[in-house]
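**Q** The structure is given below, and queries will be raised subsequently.
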Amino acid sequence: MVGAQTPVLDEQYLVVEARRKRELVERVDIEVLLDRFLSLEDRFAPLANVEDVARFALAVGPNALGNYKTTFTIKLTAFPKPPISMEMQANPNPELDEKLPTEIDSIEAQRNPYSWYKEMRETNPIRYDENRKRWDVFRYDDVERILTNHETFISSKISDIDPVGAFGARVFGDTDLPDHQRQRGAVDDFFRPGKLRDFRPELRTKVDKLLDQVLETGSAIDVANELSTPITVWSITEILGVPSDHTDQLTELVTEVLDTTEAEPMTITVDGKTFGPGGHDVMEAYFKYLLDKRARDPKDGVISRIAQADDLSEEEQYWMTIFLYSAGVETSAKSIDIALWTFAEEDVYSQLRDGKINQKLAFEESLRYRTALQSMAGRSPVEDVEINGTIIPEGDQICLWVGSANRDERKFDDPDEFDPKRKPNPHISFGKGLHYCLGAPLALLEGDIVIEAITDRVKSIECAVEFDELQPGFNPRIYGFDEVPMHFYT
Ligand code: HEM
């Protein structure tokens, strides 16, 4: 354990940094009124404004977080600032978020959790897992009810189990109305299908270039590292408006960060400035730099929009950017990998090529069949709620098993069959209701273009290893594999 530091008066900012192992878990920069620090009541109380955040930081710094292998660095200021809308996050038990239920905590079960889901839908559709301190919900109707009932099942609850969510300020998926609308409304027009249509030709050119490189070296391809990750990283950087001369370095960094929890320390140098060395830290420093630059010198793209939005706090601007960047890469890349793998495994590729199977329907079916986000945590009821005879107490955490809902026999015929012509296909891989995935149209476009480009150019595809040889990625909440070796024959 690295001990927490005693708060010291220094400089002009309150800076709170919490680190777990080498990684920055959270960092908060706030200017606050000095005299607020003199009263330290309401420890761990729900945080409503910047003063509470400051009190909380002082209260937990030397105590709770220090006990959880987290260091705290705190600097204070004497200069008042208007309150900003954010909540300090300090997860006393971050591992809970990442833990899988013991029943599927093996590599085999991560590859194929579906028989366990089926058993749970039958015998225990809503259960409390003492180990992970949360409720698990497995049936389609129950998952859908919770997703579409955002007034009862809120997303911004700070509980004693999971007071944090993933980010340093509550953004998008961790917010409720009206904050949610304020944040999402600032950027959602960039992700609408109409707007994305203009992006289509550029994306196709990029995919063709990558295919040129890959096909030149023979039939073997690692779809994950040579195709899907570069494509999704490139797409989101374009839409965010990352300058093109920064993209390559950022892509390399993100690929490294996604690849392992212990990413090699790296640096990136842009505009004559070097960031790093580090993994996540470099990404964070880079995006802070870019937001600052775009605040002064706006260009096209989401980052400029965010940087110019007066009704977003600096912390929100920063974490919204990070959220969009991370949400936009891994799930989409894994979905492309899984689709191509499943087309080969199920021997439907030639029918896709010949147009006998509609490629959009086939992609949607692969999103249902092996969805990239098998479960999502973060909802909690504002009052005791009964679901199918089980009472979920107010404030408890709920984990929604989307991967199970998508295989619910009460909703889908032959749910364990991969049916590329399935229609309708009401899978909930992108969620539903208020928090429906903002990037769904982009993810669908990426899948569509990759399949279109490959079927235009590649005669046949096949899996190069057995399914049982695929290694699940390090993030247990994302379904997908580190490497996806296939053969593409032209
Ligand atoms: C196939 C790929 C993807 C899958 C399976 C996926 C899945 C999801 C799911 C299930 C949610 C709902 C979370 C909840 O209700 O708590 C969500 C939300 C979100 N996704 Fe995606 N996503 C994908 C791609 C993307 C992309 C490409 C972006 C790029 C920007 C993105 C950005 C977001 C954002 C910002 C939210 C929060 C929306 C809100 O709270 O209003 N996602 N995603």
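**Q** Those residues that are out of contact with any helix residue (DSSP H, G or I) (no Cβ under 9 Å at 6 or more places or on another chain) and assigned to a helix (DSSP H, G or I), I need them from the range 213-248; list them, please.
**A** Correct list: Glu216, Asp245, Asp248.
**Q** Restricted to the range 178-195, and to residues that are over 16 Å from Ser313 (Cα atoms) and of a type in the set (A, V, I, L, M, F, W, C), which residue is farthest from the ligand (Cβ to nearest atom)? Before you say what the answer is, go through the steps one by one.
**A** Keep residues of the range 178-195 that are over 16 Å from Ser313 (Cα atoms), which gives 188-195.
In the following step, the residues that additionally are of a type in the set (A, V, I, L, M, F, W, C) were identified as 190-191.
Working: Phe190: 9, Phe191: 6 Å.
Selected residue: Phe190.
**Q** Checking the condition closer than 20 Å to Asp142 by Cβ and of a type in the set (Val, Ile, Thr), which residue from Val484, Val450, Val465, Val385 passes? Explain how you work it out, then say what you get.
**A** Details: Val484 fails: closer than 20 Å to Asp142 by Cβ; Val450 fails: closer than 20 Å to Asp142 by Cβ; Val465 fails: closer than 20 Å to Asp142 by Cβ.
Residue meeting the stated conditions: Val385.
**Q** Note down all Cβ pairs under 8 Å where the first residue falls in the range 176-201 and is within 15 Å of Gly301 (Cα to Cα), the second is among the charged types (D, E, K, R) and not in a helix (DSSP H, G or I), and they're at least six residues apart or on different chains.
**A** That search, which allows pairs on different chains as well, returns Ala186/Asp311.
**Q** Now, a different point. Hey, could you check the range 262-296 for residues that are surrounded by 14 or more Cβ atoms within 10 Å (Cβ to Cβ) and of a type in the set (Val, Ile, Thr) and say which is modelled with the lowest pLDDT?
**A** Residues of the range 262-296 that are surrounded by 14 or more Cβ atoms within 10 Å (Cβ to Cβ), as a first pass: 263, 266, 268, 270, 275-276, 278-295.
Restricting the remaining residues to those that are of a type in the set (Val, Ile, Thr) gives 268, 270, 282.
Values: Ile268: 84, Val270: 86, Val282: 80.
Restricting to residues being surrounded by 14 or more Cβ atoms within 10 Å (Cβ to Cβ) and of a type in the set (Val, Ile, Thr), the top hit is Val282.
**Q** Next question, about the same structure. Suppose the filter is assigned by TED's automatic domain parsing to the domain that holds Arg139, away from the ligand (no atom under 11 Å from the Cβ) and at pLDDT 95 or above; does Lys423 pass it? Give the derivation first.
**A** Working: assigned by TED's automatic domain parsing to the domain that holds Arg139: yes; away from the ligand (no atom under 11 Å from the Cβ): yes; at pLDDT 95 or above: yes.
Against the criterion (assigned by TED's automatic domain parsing to the domain that holds Arg139, away from the ligand (no atom under 11 Å from the Cβ) and at pLDDT 95 or above), Lys423 qualifies.
**Q** I'm trying to understand the selection: among the residues of the range 434-444, which are of a type in the set (A, V, I, L, M) and more than 7 Å from the ligand (Cβ to nearest atom)? Steps first, please.
**A** Restricting attention to the range 434-444, the residues satisfying the condition of being of a type in the set (A, V, I, L, M) are 434, 438, 440, 442-444.
Residue satisfying the conditions is Leu444 alone.
**Q** Scan (1) among the small types (Gly, Ala, Ser); (2) farther than 18 Å from Leu340 by Cβ; (3) touching a strand residue (DSSP E or B) at 6+ places or on another chain (Cβ under 7 Å); (4) away from the ligand (no atom under 14 Å from the Cβ) for the single condition Gly403 breaks and write down its number.
**A** (4)
**Q** Still on this model: Only one of these conditions is not met by Glu345: (1) within 23 Å of the chain's Cα centre (by Cα); (2) assigned by TED's automatic domain parsing to the domain that holds Arg170. Which number is it?
**A** It is condition (1) that Glu345 fails.
**Q** Another one. If you go through the range 356-371 one residue at a time, how many are more than 18 Å from Asp416 (Cβ to Cβ) and within 11 Å of the ligand (Cβ to nearest atom)?
**A** Of the residues in the range 356-371, 1 are more than 18 Å from Asp416 (Cβ to Cβ) and within 11 Å of the ligand (Cβ to nearest atom).
**Q** Any residue at all in the range 227-241 that is without any contact (Cβ under 8 Å) to a residue 12 or more places away in the chain and small (Gly, Ala, Ser)? Explain how you work it out, then say what you get.
**A** Step one: list which residues in the range 227-241 are without any contact (Cβ under 8 Å) to a residue 12 or more places away in the chain, which gives none.
The answer is no, given that none of the residues of the range 227-241 is without any contact (Cβ under 8 Å) to a residue 12 or more places away in the chain and small (Gly, Ala, Ser).
**Q** Still on this structure, I have one more. Looking at the range 100-108, is at least one residue charged (D, E, K, R), at pLDDT below 90 and out of contact with any helix residue (DSSP H, G or I) (no Cβ under 8 Å at 6 or more places or on another chain)?
**A** Taking the range 100-108 and keeping what is charged (D, E, K, R), we get 103, 105, 108.
Narrowing further to those that are at pLDDT below 90: 105.
If we keep only those that are out of contact with any helix residue (DSSP H, G or I) (no Cβ under 8 Å at 6 or more places or on another chain) too, we end up with 105.
Looking for residues that are charged (D, E, K, R), at pLDDT below 90 and out of contact with any helix residue (DSSP H, G or I) (no Cβ under 8 Å at 6 or more places or on another chain), one finds at least one in the range 100-108, hence yes.
**Q** Here is a further query. Only residues that are surrounded by fewer than 21 Cβ atoms within 10 Å (Cβ to Cβ) and within 16 Å of the ligand (Cβ to nearest atom): list them for the range 203-229, please. It would help to see each step written out before you state the result.
**A** The first filter runs over the range 203-229 and keeps only residues surrounded by fewer than 21 Cβ atoms within 10 Å (Cβ to Cβ), leaving 204-206, 208-210, 212-220, 222, 225-226.
Passing the criteria: only Lys206.
**Q** Here's another thing I want to ask about it. Out of the residues in the range 311-340 that are surrounded by fewer than 24 Cβ atoms within 10 Å (Cβ to Cβ) and aromatic (Phe, Trp, Tyr), which is nearest to the ligand (Cβ to nearest atom)?
**A** Phe323
**Q** Taking interchain pairs and intrachain pairs at least six residues apart, which have beta carbon atoms under 8 angstrom, with the first residue in the range 439-453 and within 15 Å of Thr331 (Cβ to Cβ) and outside any helix (DSSP H, G or I) and the second within 7 Å of the ligand (Cβ to nearest atom) and polar (S, T, N, Q)?
**A** Hits for this filter: Gly439/Ser332.
**Q** Another question, if that's okay. Working only within the range 303-317, note down all residues that are more than 12 Å from Gln183 (Cβ to Cβ) and in contact (Cβ under 8 Å) with a residue 12 or more places away in the chain. Don't jump to the end; show me each part of the working.
**A** Filtering the range 303-317 for residues more than 12 Å from Gln183 (Cβ to Cβ) gives 303-304, 307-308, 310, 314.
Correct list: Ile303, Ser304, Ala307, Gln308, Glu314.
**Q** Looking at Gly431, Gly447, which is the one that is at positive phi and within 10 Å of the ligand (Cβ to nearest atom)?
**A** Values: Gly447 fails: at positive phi.
Only one candidate passes the filter, namely Gly431.
The values are calculated or read from the model by the stated rules, or taken from the named source; none is laboratory data. A quick note: this is a predicted structure, and the numbers were derived from the prediction, not measured. Cβ sites come from the backbone with ideal geometry, for glycine too, and all protein chains shown count toward neighbours.
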